[in-house]
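Participant: Just dropping this structure here.
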Amino acid sequence: MRFGFAFLSTAFAALAIAVATGAFTGLDQWAVDHVMPGGRFGAGEPSAWKSLIPFGTTDWGSAWSIVSNVVALPASVLIALVLVAWRSRLLAVLLVAAVAVEALCKEVLTRPGLDHDAHHVVAFDDSFPSGHALRTVIVAGAFASPWATVWAVAAIVLIQLAGWHTPTDIAGGVLLGLLALLGARALRGRRLARRGPR
């Protein structure tokens, strides 16, 4: 378990540094050009307050947006928190911690610019890691069923196709979500070990 935690932490940190230094700019730019058919790239980022409200930053202007909004709804901040808390209070606390790490990364990490049709996509400057991908992984882990896995894969694919996040944003969100799940498992194991056999 310690090896897994160290591996995921190192992978997340290495990816964050690589994104900030531009090591994956070519990949992300290729995705903007070829793998975001539903992307509608506006001039800026939504406010943090609006992103807390389900559908607060929602664009309903295309079929991609509509399907993505509906499928990814359980990964919006407040709904994800309620769903995860219903299954595990410990995991809900770790979800809040992971969202705090996400917010900190978005505040301090800026990637080299990405363009769409010769226009700079400002929203991608500080979009690492993807909060939707992070919360998708945690919600799916909280329910731990084949249906939850199918939903998570569909939501993450749609997040990419709808142009909400770049591939590196999504990878960062997935790594951070896996870290939260592994942390919850480790803490639960310690708690059970302390109680001992009954």
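Participant: Taking 0.36 nm per intervening residue step and subtracting the Cα-Cα distance, what contour gain separates W30 from I79 on full extension?
Facilitator: Length difference between fully extended and current span is 14.4 nm.
Participant: OK, next. Once the principal axes of the Cα atoms of region 2-188 are found, what is the range along each, listed largest first in whole angstroms?
Facilitator: Largest first, region 2-188 extends 50, 34, 30 Å along its Cα principal axes.
Participant: Taking 7 Å along the Cα-to-C-beta vector as the label spot, tell me the S62-F7 distance in nanometres, rounded to one decimal.
Facilitator: 3.6
Participant: Fewest to most neighbouring Cβ within 10 Å: what's the order for W164, W86?
Facilitator: The order, fewest Cβ neighbours first, is W86, W164.
Participant: Taking amide H atoms as placed 1.01 Å from N in the peptide plane, list the residues 5 or more away in sequence, or in a different chain, whose amide H sits under 5 Å from that of D115.
Facilitator: Hits under the 5 Å cutoff: V121.
Participant: Could you give log10 I(q)/I(0) at q = 0.27 Å⁻¹ for region 62-134, computed by the Debye formula over C-alpha point scatterers of equal weight, without solvent?
Facilitator: Here the Debye-derived log intensity ratios amount to -1.14.
Participant: What is the Cα centroid distance between region 137-196 and region 102-119, reported in whole angstrom?
Facilitator: That distance is 23 Å.
Participant: So what is the 222 nm mean residue ellipticity for the chain from helices alone, if each DSSP H run of at least 4 adds -39500 (n - 2.57) and you divide by all residues, rounding to the nearest 500 deg cm²/dmol?
Facilitator: Per the formula, -22000 deg cm²/dmol.
Participant: Explain nothing, just the number: relative contact order of the chain, from Cα pairs under 8 Å at least 6 residues apart, as a whole percent.
Facilitator: Reported as a whole number, the value is 31 percent.
Bear in mind that the values in this text are calculations on the coordinates, not laboratory data. Since we're looking at a predicted model, the values are computed, not measured. With ideal geometry, Cβ positions are generated from the backbone for all residues, glycine too; neighbour counts draw on all protein chains shown.
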